[in-house]
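Okay, structure first, notes after.
The values are calculated or read from the model by the stated rules, or taken from the named source; none is laboratory data. No experiment lies behind these values; they were computed from the predicted model shown. Cβ sites come from the backbone with ideal geometry, for glycine too, and all protein chains shown count toward neighbours.
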Amino acid sequence: MVALVLLCGCGDDGRGGTRPAVDGSIAPGTDARVPPGTDGGPRADAQLPPGTDGGPTGRDGGTAPDPIDFCQLGCATGADCGSASAAFDADNYECDAGICRYTGCNSDSECQSTFMSTGYVCRDLSGLATCQQACSTASDCGSGSAAFDTDNYECDAGVCRYTGCNSDSECTSTYMDSRYGCREAEVPDTGVPIPTATRNCVLTCSAVADCSTASAAFDADNYECDAGVCRYRGCNSDSECTSTFMDARYLCR
């Protein structure tokens with residue numbers, strides 16, 4: 001819930017629904033971008049912007065990526081945010097200034113119910129408790145796809161940690177698209193901790209048109225082609241988010 005590539009498909013929205021799977025850098029129709037062994041963070045598929053700031057520091061030279069606006073679910077109360085999924089129902093959210101904020105999982109049992117596996121546990125990730133896959137060795141973590149198999153993980157304190165892609169060929173194989181490469185990239189600040197590595201699968205480009213999808217919040221005016229890599233620059237308006245997620249509750253914040 002964060003490899004970094006980009007595009008649109010269909011994915012679970014972390015709230016029990018389905019929505020475009022634009023998880024920060026993922027190929028259409030695949031969920032492999034969110035490393036197996038984590039929940040990707042709340043609403044990862046849609047909330048993690050496709051593309052990233054692209055370096056260990058923000059463009060202002062600071063120590064963190066520059067924050068960007070992204071599509072978020074609006075609310076009046078916390079009850080507007082939850083779903084029927086145990087780790088993403090009303091007691092896992094708060095309504096903060098009209099925006100749903102994930103407050104974390106509350107127990108291992110929530111995670112096991114949500115992911116239908118006893119292998120999931122609720123553990124801290126950068127200050128927020130999230131559902132993560134438990135492990136004894138790295139071999140417990142891989143998904144089988146080239147960029148997300150055993151040699152892309154480590155078992156750290158009993159939890160799977162994604163260590164990143166190792167080569168362009170891994171990314172090409174995983175996303176079945178020769179435009180994907182393994183590059184240094186970092187998720188921009190969205191207020192949600194996402195487990196990502198330094199090197200991730202990203203969509204390469206020669207022009208910004210190579211980055212665009214047909215979705216309003218993820219078309220050409222939301223990207224730039226920066227040093228041959230698609231970088232997401234955020235949503236531009238509430239109407240973009242409403243159109244993309246087909247839900248008037250989504251806001252650009």
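Quick look at the values:
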quantity: Unmet requirement for S167, which otherwise passes all of (1) in contact with a Ser or Thr (Cβ under 6 Å, 6 or more places away or on another chain); (2) loosely packed, with under 15 Cβ neighbours inside 10 Å; (3) under 30 Å from V208 (Cβ atoms); calculated: (1)
quantity: Residue that is touching a Cys at 6+ places or on another chain (Cβ under 9 Å), assigned to a loop (DSSP other than H, G, I, E, B) and buried (at least 17 other Cβ atoms within 10 Å of the Cβ), where the choices are A147, A214, A197; calculated: A197
quantity: Subset of the range 116-137 [in a strand (DSSP E or B) and either under 21 Å from Y93 (Cβ atoms) or of a type in the set (V, I, T) (or both)]; calculated: Y120, V121, C122, R123, D124, L125, L128, A129, T130, C131, Q132
quantity: Subset tally (residues that are closer than 27 Å to D247 by Cβ, among the hydroxyl-bearing types (S, T, Y) and modelled with pLDDT under 95) for the range 104-135; calculated: 1
quantity: Within the range 179-192, considering residues that are surrounded by fewer than 21 Cβ atoms within 10 Å (Cβ to Cβ) and assigned to a loop (DSSP other than H, G, I, E, B), the one modelled with the lowest pLDDT; calculated: G191
quantity: The range 217-253, subset assigned to a loop (DSSP other than H, G, I, E, B) and within 16 Å of the chain's Cα centre (by Cα), residue surrounded by the fewest Cβ atoms within 10 Å (Cβ to Cβ); calculated: R233
quantity: Boolean, S113 is within 30 Å of S206 (Cβ to Cβ) and in a helix (DSSP H, G or I); calculated: no
quantity: Residues located in the range 150-160, provided they are of a type outside the set (V, I, T) and either surrounded by fewer than 20 Cβ atoms within 10 Å (Cβ to Cβ) or part of a helix (DSSP H, G or I) (or both); calculated: D151, N152, E154, C155, D156, A157, G158
